[in-house]
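Colleague: Can you read through this structure? Questions will come right after.
The values are calculated or read from the model by the stated rules, or taken from the named source; none is laboratory data. The shown structure was predicted, so the numbers you read here are calculated from the model rather than taken from an experiment. With ideal geometry, Cβ positions are generated from the backbone for all residues, glycine too; neighbour counts draw on all protein chains shown.
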Amino acid sequence: MTIPLSGKDVASKIEEKFPGSVVESSQDNLVVKGNFLLDAARFLRDTEGLDLDFLNFVTAVDYYDHFEVVYWLSSLEHNHSLTIKARCYDRENPVLPSVVGLWQGADLQEREIFDLFGIKFEDHPNMKRIFLWEGFAGHPLRKDFI
Amino acid sequence: MEIKPAGKYIYSDIELDREEGQVIEDLKANSQEPIPDPDRWLDEKLEQNILLTTVDALINWGRRSSLWTAICFPACCAFEMIAANGPRFDLARFGMEILRASPRQADLMITAGTLTWKMAPNVRRIYNQMAEPKWVIAMGACAISGGIFASAEYAVVPGYNRIIPVDVYVPGCPPRPEALIYGIQMLQQKIARRKNIDVRKLLER
Amino acid sequence: MAVRTEPFVLNMGPVHPSTHGVFRMRATLDGEVVIDIEPVFGYLHRGIEKLAEQRTYTGITPLTDRLDYISSMSNNLAYCLAVEKLAGIKVPERAEYIRVIMAELQRIAALLIAVGAFLNDCGAYFTPFLYMFRERERIVDLFEMVSGQRLTYNYMRAGGVSQDLPEEFMPALRKFMDMMPRFMDEYDRLLMQNEILIARAKGVGILTGEQAINCSVSGPVLRASGVNWDIRKADPYSIYDRFDFDIPTQATGDCYDRYRQRVEEMRQSLRIIRQAMEQLPSGPVRAELPQLIRPPTGEAYARIEAPKGELGFYLVSDNSIAPYRCHIRPPSLINLTALRDMVRGWKVADLIIIFGSIDITVGEIDR
Ligand code: SF4
């Protein structure tokens, strides 16, 4: 059985390393600040005992006033999992750092989020539309897209 | 673990994508109305519709008994299409066991699956590449009207008849292979009534 | 003497007989050697995730059928598990067993097609495919008995399955179970030691375990690279912890291994079905539920081991009758991340079989 790690415990570990990086944490919830995302992600992947080396999926949710990007990580070795989230409040030009350098599996999924939500991932090598064509107006999975 | 930088790949130029996008947008703007059924054109010009010579009958027999299919299988219906080709339903009985990868060697297009606007220019091109005379069977609800995905208007074309003229519609989601075979038989009947040689023109000569 | 060469770009697809649907790649070639490829997606983007936000929880099941359309039952199962997790629904015992039987039959059917298509790509034009289709038809017959459909079954519901097995199902299944091992032996005889297959596929397109994990690859492709990871064992859903089966793995992670992996997984599936048939209890097949499910506010991710890899549904609920967000983790799309690293340096002909050995369905990639 895959054991979900407690968001609180992991949050305290991250907070210890990078003070001021955690926005919110509870048993099954862990939100980090966008500018600390890459550091936190590297920490989660490389720390002994966490070893979250498998990125199951990345997705985004539109909450009207902000976007929430969800990363579901798991470790094949210890068989545990963790969800971390990052928020962006800018609707016109939302930006987050890309995690492609850490988990290559994020490559196509981040492009997908860019296409359907319009969230830009910095340092992604090929930040282009993936499903829709260049010149398509709008981002279909936003809640205000008709 | 050593991870190679992601920048090592070759990426295509964004200009190329823009051009392709422009083609799609143009096609979308130009195909808001369905293309009428070719049958109706036949009705308007009556003389095209009457079979006169036995040569016609012979040509039509040849054409309808060796319909070769072009590959255009975007989505789920394709599997029923392949199943119809497969061992149980055996489409070879109708002289059409061959799926042609090249549209230039085909005279029937079975459009098995949802058509999206991004795909539409390619389907139009395949259709244009097929040699005359050519026919189209729209297979499945998606091919007829967009089906279950019709409300995702931003991506899905509501029916192939916006892009290419369709001869026979086979409903179902997906249609059973038997239904497809019935549709093919209808098309064969249609071909049998087609006039190929214009006698008046021959007499004038 | 070294010849000066220049790379050129070759466009493959979106309509191409060996791209398994409407998939397109831009390959940069040097002579016949692949320098790099760039996959281009989106020719079947049907907005399933958008449509799901406008439908009720029950109404989404037909949409999931059309994701990976050759394994509809697995998609149904993953989605229903997600809704059950979100709403805290308990499934009757008999329904659980029926679900396992269906999911495993579906796995066999989908893997048959994967193997057939792979051999087709290797150059055995259509003959193995027709063999595989012969057996798939028998499985489809079984599904037709329970759901009335041949491809898009829409059989499972949150809280069970739509209806009980008909009377004639069990005898038919038993007959199929007697036949199938013989067919599998037939394939083995024809193919396992086949010279051409070995020459074409052995050592081609190697994917190492580390690379596979880093690219989030899952399913048979991951296990063929030697990583022992199967969600049925690692994170047992439904009632998979009650069955006795093995997780086969291969050593090198080349195309031949991926092919072998699929064949061996079919045998394990047969084992599971046999046990499930023996233990099948009687009772209701569907939990008592209101017409419209209103799960409490929250989120849930449920995943299963689909024939192609980890298929998951991430649902966010706002306590209304439709999900606020429904994200699908598509195994085909994510497995393709590794394609670039696998094909670099191989010939164009190898590109086709490496691509075929990943086994994708475009409906699921583009959604
Ligand atoms: S009609 Fe149904 S089965 Fe056919 S392509 Fe459309 S959704 Fe798929």
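Colleague: Just the residues that are touching a residue at least 60 places away in the same chain (Cβ under 8 Å) and within 16 Å of the ligand (Cβ to nearest atom), please, taken from region B:76-105.
Modeller: B:Cys76, B:Cys77, B:Phe79, B:Glu80, B:Met81, B:Ala83, B:Ala84
Colleague: OK, next. If the Cβ limit is 6 Å and pairs must be 6+ apart or interchain, which residue in region B:135-147 that is more than 20 Å from B:Glu33 (Cβ to Cβ) and more than 8 Å from the ligand (Cβ to nearest atom) pairs with which residue that is of a type in the set (S, T, N, Q) and part of a helix (DSSP H, G or I)?
Modeller: Pairs found: none.
Colleague: Still on this model: Can you report the number of residues in region C:76-90 which are of a type in the set (Val, Ile, Thr) and buried (at least 23 other Cβ atoms within 10 Å of the Cβ)?
Modeller: 1
Colleague: If I ask for residues that are charged (D, E, K, R) and either more than 10 Å from chain B (Cβ to nearest Cβ) or without any contact (Cβ under 8 Å) to a residue 40 or more places away in the chain (or both), which ones from region C:1-37 would you list?
Modeller: Passing the criteria: C:Arg4, C:Glu6, C:Arg24, C:Arg26, C:Asp30, C:Glu32.
Colleague: Could I ask something else about it? Run down C:Ala287, C:Ala306, C:Ala300, C:Ala276 and say which single residue is more than 17 Å from the chain's Cα centre (by Cα), modelled with pLDDT of 85 or more and farther than 17 Å from C:Asp178 by Cα.
Modeller: Step by step, each of C:Ala287, C:Ala306, C:Ala300, C:Ala276 is checked, and only C:Ala300 is more than 17 Å from the chain's Cα centre (by Cα), modelled with pLDDT of 85 or more and farther than 17 Å from C:Asp178 by Cα.
Colleague: For C:Gly203, work out the one condition from (1) free of Cβ contacts under 8 Å to residues at least 60 places away in the same chain; (2) more than 23 Å from C:Ser332 (Cα to Cα); (3) of a type outside the set (Val, Ile, Thr); (4) more than 16 Å from the ligand (Cβ to nearest atom) it doesn't fulfil.
Modeller: (2)
Colleague: With a cut-off of at least 2 residues that are facing chain C (nearest Cβ under 10 Å) and among the hydroxyl-bearing types (Ser, Thr, Tyr), name the strands (runs of 3 or more DSSP E) lying wholly within region A:72-142.
Modeller: Because the criterion is at least 2 residues that are facing chain C (nearest Cβ under 10 Å) and among the hydroxyl-bearing types (Ser, Thr, Tyr), the strands (runs of 3 or more DSSP E) in region A:72-142 that meet it are A:80-88.
Colleague: Identify all residues within region C:116-127 that are of a type in the set (A, V, I, L, M) and surrounded by fewer than 24 Cβ atoms within 10 Å (Cβ to Cβ); write none if there are none.
Modeller: C:Ala117, C:Ala124
Colleague: Being at the interface with another protein chain (Cβ under 9 Å from one of its Cβ atoms) and aliphatic (A, V, I, L, M) is the filter here, so list the residues in region A:51-71 that pass it.
Modeller: Selection gives A:Leu55, A:Ala60, A:Val61, A:Val70.
Colleague: Quick check, is C:Glu53 surrounded by fewer than 18 Cβ atoms within 10 Å (Cβ to Cβ), out of contact with any strand residue (DSSP E or B) (no Cβ under 6 Å at 6 or more places or on another chain) and without any contact (Cβ under 8 Å) to a residue 60 or more places away in the chain?
Modeller: no
Colleague: Ok, one more. Could you tell me which of the residues C:Leu105, C:Leu142, C:Leu77 is away from chain B (no Cβ under 14 Å) and free of Cβ contacts under 8 Å to residues at least 40 places away in the same chain?
Modeller: Just one listed residue meets the conditions, C:Leu142.
Colleague: Take region C:339-366 and flag every residue that is at the interface with another protein chain (Cβ under 10 Å from one of its Cβ atoms) and surrounded by 24 or more Cβ atoms within 10 Å (Cβ to Cβ).
Modeller: Within region C:339-366, C:Thr361, C:Val362, C:Gly363, C:Ile365, C:Asp366 qualify.
Colleague: How many residues are closer than 20 Å to B:Asp37 by Cβ and either within 10 Å of chain C (Cβ to nearest Cβ) or within 11 Å of the ligand (Cβ to nearest atom) (or both) when one looks only at region B:160-179?
Modeller: Of the residues in region B:160-179, 4 are closer than 20 Å to B:Asp37 by Cβ and either within 10 Å of chain C (Cβ to nearest Cβ) or within 11 Å of the ligand (Cβ to nearest atom) (or both).
Colleague: Among the residues of region A:64-85, are any basic (Lys, Arg) and in contact with a helix residue (DSSP H, G or I) (Cβ under 9 Å, 6 or more places away or on another chain)?
Modeller: No: zero hits.
Colleague: While we're here: Sort out which residues of region B:136-148 are at pLDDT 85 or above and surrounded by fewer than 24 Cβ atoms within 10 Å (Cβ to Cβ), and write them in order of number.
Modeller: B:Ala141, B:Ile144, B:Ser145, B:Ile148
Colleague: While we're on this one: Sort out for me the helices (runs of 4 or more DSSP H) sitting completely within region C:1-110 that have 3 or more residues that are over 22 Å from B:Phe73 (Cα atoms) and under 22 Å from the mean Cα position of the chain (by Cα).
Modeller: In region C:1-110, C:72-87 are the helices (runs of 4 or more DSSP H) which contain 3 or more residues that are over 22 Å from B:Phe73 (Cα atoms) and under 22 Å from the mean Cα position of the chain (by Cα).
Colleague: Which is crowded, with 23+ Cβ neighbours inside 10 Å and aromatic (Phe, Trp, Tyr), of B:Tyr154, B:Tyr160?
Modeller: Just a single option satisfies the conditions, and that option is B:Tyr160.
Colleague: List the number of the failed condition for B:Phe73; all other conditions in (1) modelled with pLDDT of 80 or more; (2) within 16 Å of the ligand (Cβ to nearest atom); (3) within 16 Å of the chain's Cα centre (by Cα) hold.
Modeller: (1)
Colleague: On to the next question. Could you identify the single residue in A:Leu82, A:Leu108, A:Leu141 that is free of Cβ contacts under 8 Å to residues at least 40 places away in the same chain and out of contact with any Gly (no Cβ under 7 Å at 6 or more places or on another chain)?
Modeller: Sole residue among the options that is free of Cβ contacts under 8 Å to residues at least 40 places away in the same chain and out of contact with any Gly (no Cβ under 7 Å at 6 or more places or on another chain): A:Leu108.
Colleague: With respect to C:Arg66, determine if the residue is farther than 30 Å from B:Ile98 by Cβ and basic (Lys, Arg).
Modeller: no
Colleague: Taking C:Leu165 as the residue in question, decide whether it is touching a residue at least 12 places away in the same chain (Cβ under 8 Å), more than 14 Å from chain B (Cβ to nearest Cβ) and of a type in the set (A, V, I, L, M).
Modeller: So C:Leu165 fits the description; yes.
Colleague: Ok, one more. Within region C:182-205, identify whether any single residue is away from every other protein chain (no Cβ under 11 Å), within 25 Å of A:Gln104 (Cα to Cα) and crowded, with 19+ Cβ neighbours inside 10 Å, and answer yes or no.
Modeller: Yes, the conditions are met somewhere in region C:182-205.
Colleague: Let me ask you something else. Only one of (1) within 15 Å of the ligand (Cβ to nearest atom); (2) within 10 Å of chain B (Cβ to nearest Cβ); (3) free of Cβ contacts under 8 Å to residues at least 12 places away in the same chain is not met by C:Asp65, so which one is it?
Modeller: Every condition holds for C:Asp65 apart from (3).
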